[in-house]
Amino acid sequence: MVDVHALAATLDEAARDVRAIPKLTARTPLDVATAYAVQRAGIDLRLRRGERVAGVKMGFTSRAKMVQMGVDDVIWGLLTDGMPAEASVDVSRLIHPRIEPEIAYLIGREVRSAAGVESAVAGVAVGFEVLDSRYTGFEFTLPDVIADNASAARFGFGTWHPPRDVSNVGLLMEIDGRPVQTGSSAAILGDPARALRAAARLAVGAGMALEPGWIVLAGAATAAVPLPKDAHVRVTGAGLGSVEVTT
Ligand code: OOG
Ligand code: MG
């Protein structure tokens with residue numbers, strides 16, 4: 001029997017100690033269902049420390065990300081109110097952070113069934129996600145990254161816009177004024193709305209509702225890039241404005 005609580009505690013300590021650990025599957029065979037149980041146990045540790053769930057993140061919804069990480073299945077994780085980046089990210093609290101451009105949805109009313117989730121959307125924005133795999137070398141198998149809450153670490157978003165078609169938003173990510181990634185939101189499952197629907201389906205399937213005020217990150221449209229110290233990052237979405245963060 002796999003001790004999901006012990007594995008969750010190992011990952012939680014790695015994050016808090018800012019110390020990479022060998023991937024769990026090096027010692028413990030994990031299937032996807034057990035990996036999600038470890039993820040959930042890790043979230044429960046955060047909730048016990050007073051954090052609250054703030055939304056859902058989708059992962060590997062673009063080819064660029066699947067190819068970068070060598071993983072070929074869509075995954076999900078949970079965001080908490082301990083993760084927002086505000087205006088800056090203290091990278092000294094992170095192991096080997098990376099940043100990627102995202103499309104963010106704001107949930108306006110409770111979603112208890114995946115059908116019609118789009119009508120519950122109160123806003124769309126350009127966003128970013130700071131990833132920080134708790135594994136050595138940022139290397140993992142699918143169950144490892146699921147157990148590690150899909151590498152979630154920090155996230156942020158720009159001004160909310162009224163719900164609109166975001167199926168082909170040009171995205172630009174700059175670090176210190178230099179373009180480091182460009183892409184289109186169309187890279188996210190052909191339309192980030194598909195990722196939104198998947199998020200609702202997965203959350204409802206796990207016995208949760210999407211709550212008003214929650215954020216859904218649809219997944220990065222491009223590969224992630226290392227997030228250095230003393231950096232200024234700007235992510236711009238055509239027609240959605242931009243969001244900036246410093247380290
Ligand atoms: C896993 C998280 C993937 C995305 O947007 O595709 C993700 C990772 O790449 O470490 O957040
Ligand atoms: Mg992401």
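The values are calculated or read from the model by the stated rules, or taken from the named source; none is laboratory data. Here the structure is a predicted model, which means the values were calculated and not measured. Methodologically, a virtual Cβ is constructed for each residue, glycine included, from the backbone with ideal geometry; neighbour enumeration extends over all protein chains shown. In case anyone asks, the SASA skips ligands and DNA or RNA and just uses the protein heavy atoms, side chains included. Shrake-Rupley method; radii C 1.70, N 1.55, O 1.52, S 1.80 Å.
Expected output is a single nm value to one decimal: the length gained when fully extending between Met1 and Ala26, i.e. 0.36 nm times separation in residues minus the C-alpha distance. What is it?
Stretched out fully, the Met1 to Ala26 stretch lengthens by 7.4 nm.
Report the paramagnetic label zone for Glu139: residues of the range 22-44 whose backbone N is under 15 Å from a point 7 Å from Cα along the Cα-to-Cβ axis.
Counting backbone N atoms under 15 Å from the label point, the list is 22-27.
Keeping all protein chains in place and using 1.4 angstrom, which order do His5, His96 fall into by accessible surface area, from largest down?
His5, His96
Over the range 1-108, with the other protein chains present, what is the accessible area per residue in square angstrom, probe 1.4 angstrom?
Computed with neighbouring chains in place, this is 47 Å² per residue.
Looking at the square roots a ≥ b ≥ c of the eigenvalues of the Cα gyration tensor of the range 22-137, which shape do they give, rounded for a/c under 1.5, prolate if a/b is larger than b/c, or oblate?
Here the range 22-137 falls in the rounded category.
Quick one: pull the percent of accessible area on the chain belonging to carbon and sulfur, 1.4 Å probe, ligands and nucleic acids left out.
Using a 1.4 Å probe with all protein chains present, the chain comes out at 52 percent carbon and sulfur.
What net charge is computed for the residues neighbouring Val74, neighbours being all others with C-beta under 12 Å from the C-beta of Val74, Lys and Arg scored +1, Asp and Glu -1?
+4
Short version: ³J(HN,Hα) in whole Hz for each residue of the range 146-159, in order, from phi by Karplus 6.51 cos²θ - 1.76 cosθ + 1.60 (θ = phi - 60°), x for Gly and Pro, what are they?
5, 4, 8, 6, 6, 6, 4, 9, 9, 8, x, 8, x, 5
Is the chain rounded, prolate or oblate when judged by the Cα gyration tensor, a ≥ b ≥ c being the square roots of its eigenvalues, rounded requiring a/c under 1.5 and prolate requiring a/b larger than b/c?
Oblate.
Under the rule a/c < 1.5 gives rounded, and otherwise a/b versus b/c splits prolate from oblate, where does the range 55-197 land using the Cα gyration tensor?
Here the range 55-197 falls in the rounded category.
So what's the net charge close to Asp17: Lys and Arg +1, Asp and Glu -1, counting the other residues with Cβ under 13 Å from its Cβ?
+1
Name the residue, out of Thr61, Thr80, Thr25, whose mean-square fluctuation peaks in a Gaussian network model built on the chain with Cα pairs under 10 Å.
Thr25
For n ≥ 4 DSSP H runs only, could you compute -39500 (n - 2.57) per run for the chain, divide by its residues and tell me the 222 nm figure to the nearest 500?
Value at 222 nm, helices only: -7000 deg cm²/dmol.
Exposed loop GluC sites (Glu not before Pro) only (DSSP loop, at most 11 other Cβ atoms within 10 Å): please give the longest stretch of the chain free of them, not including the sites.
That would be 111-247.
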